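Below is one structure, written out as structure tokens; the observations come after it.
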Amino acid sequence: METGREKFGSNMAVILAMAGSAVGLGNIWRFPYMVGECGGATFILAYIIFGILISLPLFFAESIIGRRGRSNSFGSLRKLAPGTPWKWVGLATIIGCFIIISYYSVVGGWSIDYLLRSCIGGFSIEDPESTISLFDKMSSSVWEPIICHTLFLGATALIVKFGIKKGIESFTKKTMPLLFLLMIAIAVYSLCLPGAGEGVRYLVKFNLSDLNPTTLAYALGQSFFSMSLGVGSILIYSSYMSGDDNIGKTGLFTMIFDTLFALIAAFAIMPAVFSAGLEPDGGPSLVFSTLPYVFAKMGANAMFLSRIITIFFFLAILCAAITSSISLFEVVASFLVEELGWKRKKASIISFVGQWTLGVLCSLSFGVLGNFKIMGRTIFSFCDSFTSNFVMTLGALAFAIFVGWKMSKEDVRDEFTNHGTKNCKIFNTVYFITKFVVPVMIVTIFVTNLVL
Ligand code: PHE
């Protein structure tokens with residue numbers, strides 16, 4: 001059953017690859033601005049609770065399906081529930097991945113652009129408006145973001161083309177430690193800035209009035225996005241795990257790394273924003289338009305240091321983004337390889353072309369296609385909100401229902417406990433949560449948010 005399929009080299013390699021998937025733009029780009037928009041500490045607290053209570057069991061559920069099915073989402077669900085429509089749910093998650101990577105690689109492209117800019121000329125310290133307008137000008141132009149998007153997606157496709165061990169494993173093993181060091185350096189710098197305390201207070205001040213269904217729904221969506229859940233990325237990586245690897249340990253470590261990173265990013269960014277006297281609710285462009293100014297201004301007396309920190313920052317975003325985008329790309333590529341019998345190279349090239357095209361439309365929606373709206377949103381914003389609020393939530397719900405209600409409890413136990421040798425003590429609790437608590441919570445939060 002497992003013959004011919006590549007596997008990761010060790011459990012450590014699996015954990016690094018999973019953490020690489022989880023830690024991404026979601027942590028450094030999305031989390032800080034969502035914290036800024038959704039009321040600081042309240043959002044963070046909801047995010048952490050959902051992480052432990054919902055995302056972790058869901059991670060286990062995806063892992064169980066992937067390792068038991070030893071295939072992509074479509075193939076695994078088909079094998080585990082033959083003759084049922086479940087495989088189409090798998091296909092829907094693959095399409096979700098396709099959409100995510102298209103807009104994800106546009107933002108990944110911006111990070112290449114900003115990395116180059118910070119190496120060449122740095123950013124203006126005149127006033128925040130100048131870096132904001134620089135970002136608007138760059139993102140709304142035609143060629144510059146498209147070229148960077150092409151570079152980013154091309155690099156992703158190339159890594160995936162090399163396969164699991166030589167491509168994904170060897171890249172994530174080198175990149176993740178570097179990423180960790182970069183973020184720590186930035187956080188230390190940021191916390192030492194004058195006035196940083198204000199930003200820290202914002203991140204730890206709990207305000208009950210911020211607690212509303214929208215905050216909860218956003219925190220849940222962010223938790224899924226950040227843990228790469230609901231679209232089959234964790235599922236496909238788990239399908240390359242060895243039978244001895246520990247699903248419980250892998251999920252726990254991935255969640256710890258992911259949460260830690262999100263917090264470090266928030267503590268690296270908010271203090272810097274406050275110390276420059278700016279508002280925290282800069283939205284999606286926060287890290288691209290506000291931060292370059294903040295770092296440049298703060299470093300007016302120490303130009304060299306501030307330049308290095310800015311380079312570190314965009315390099316960190318790039319590393320984080322690419323280790324995640326390979327996990328998205330692999331979902332689509334593995335489907336083409338396993339279901340259509342294509343060679344990895346052909347699958348990588350064809351996925352690249354499709355995702356590149358949708359990505360170009362997303363990129364242009366910041367400029368010439370700005371007036372083209374789908375349900376009142378630009379193409380980029382539609383792809384983002386459709387996938388994170390809808391596809392991921394429903395995908396996650398479907399995976400939980402599959403493990404809790406469709407698979408037999410014995411099969412689930414067998415896979416989660418490695419045939420009764422690991423995690424036996426926590427199995428019943430995890431199973432109960434997956435079967436009852438997770439679906440009820442997802443549906444409640446999803447519906448409340450839709451209705452209110
Ligand atoms: N978890 C990634 C991030 O935080 C994004 C992602 C979503 C990756 C879904 C894979 C699957 O940026």
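The values are calculated or read from the model by the stated rules, or taken from the named source; none is laboratory data. Predicted model, so just to flag it, every value in this text is computed and none were measured. Here the Cβ is made from the backbone with ideal geometry for all residues, glycine too, and neighbour counts use every protein chain on show.
General remarks:
- Residue 21 vs. criteria modelled with pLDDT of 95 or more, buried (at least 24 other Cβ atoms within 10 Å of the Cβ) and either within 21 Å of residue 434 (Cα to Cα) or away from the ligand (no atom under 16 Å from the Cβ) (or both): no
- Residue in the range 315-322 that is assigned to a helix (DSSP H, G or I), away from the ligand (no atom under 13 Å from the Cβ) and crowded, with 17+ Cβ neighbours inside 10 Å present: yes
- Across the range 326-339, not a single residue is classified as closer than 20 Å to residue 181 by Cβ and in contact (Cβ under 8 Å) with a residue 24 or more places away in the chain.
- Filter result (touching a Ser or Thr at 6+ places or on another chain (Cβ under 6 Å) and within 30 Å of residue 5 (Cβ to Cβ)) within the range 29-70: 55, 57, 61, 63, 65, 66, 67, 69, 70
- Residue within the range 232-245 that is in contact with a His (Cβ under 9 Å, 6 or more places away or on another chain), within 30 Å of residue 342 (Cβ to Cβ) and modelled with pLDDT of 85 or more present: yes
- Scanning the range 324-344 for residues that are within 16 Å of the ligand (Cβ to nearest atom) and either modelled with pLDDT under 95 or of a type in the set (D, E, K, R) (or both) yields a total of 1.
- Test: residue in the range 267-283 that is modelled with pLDDT under 80, closer than 27 Å to residue 19 by Cα, touching a helix residue (DSSP H, G or I) at 6+ places or on another chain (Cβ under 6 Å) and in a helix (DSSP H, G or I): yes
- Residue check, residue 232 within 27 Å of residue 328 (Cα to Cα) and surrounded by 18 or more Cβ atoms within 10 Å (Cβ to Cβ): yes
- Assessment of the range 375-395 against the conditions (in a loop (DSSP other than H, G, I, E, B), on the phi < 0 side of the Ramachandran plot and either among the charged types (D, E, K, R) or within 16 Å of the ligand (Cβ to nearest atom) (or both)) yields no matching residue.
- Restricting 359, 395 to residues that are buried (at least 22 other Cβ atoms within 10 Å of the Cβ) and touching a His at 6+ places or on another chain (Cβ under 7 Å) narrows the list to 359.
- Within the range 26-41, the residues that satisfy the criterion of being within 13 Å of the ligand (Cβ to nearest atom) and buried (at least 24 other Cβ atoms within 10 Å of the Cβ) are 26, 27, 28, 29, 31, 32, 34.
- Selection status of residue 309, of a type in the set (Val, Ile, Thr), within 16 Å of the ligand (Cβ to nearest atom), part of a helix (DSSP H, G or I) and touching a residue at least 60 places away in the same chain (Cβ under 8 Å): no
- Residue 188 vs. criteria more than 21 Å from the chain's Cα centre (by Cα), hydrophobic (A, V, I, L, M, F, W, C) and modelled with pLDDT of 90 or more: no
- Some residue of the range 106-122 being over 19 Å from residue 295 (Cβ atoms), among the small types (Gly, Ala, Ser) and surrounded by 18 or more Cβ atoms within 10 Å (Cβ to Cβ): yes
- Applying a threshold of 6 Å to beta carbon distances and a minimum spacing of six or more residues, or different chains, the list of pairs starting in the range 361-382 at a residue that is within 19 Å of residue 105 (Cβ to Cβ) and ending at one that is β-branched (Val, Ile, Thr) and assigned to a loop (DSSP other than H, G, I, E, B) reads 365/378.
- Condition check for residue 363: more than 30 Å from residue 213 (Cα to Cα) and part of a helix (DSSP H, G or I): yes
- Inter-residue pairs, beta-carbon under 8 Å, first at positive phi and in the range 135-147, second part of a helix (DSSP H, G or I) and of a type in the set (Gly, Ala, Ser), 6+ apart: none
- Meeting the requirement of 2 or more residues that are within 16 Å of the ligand (Cβ to nearest atom) and either in contact (Cβ under 8 Å) with a residue 40 or more places away in the chain or out of contact with any strand residue (DSSP E or B) (no Cβ under 6 Å at 6 or more places or on another chain) (or both), the helices (runs of 4 or more DSSP H) wholly within the range 164-251 are 170-191, 213-226, 233-239.
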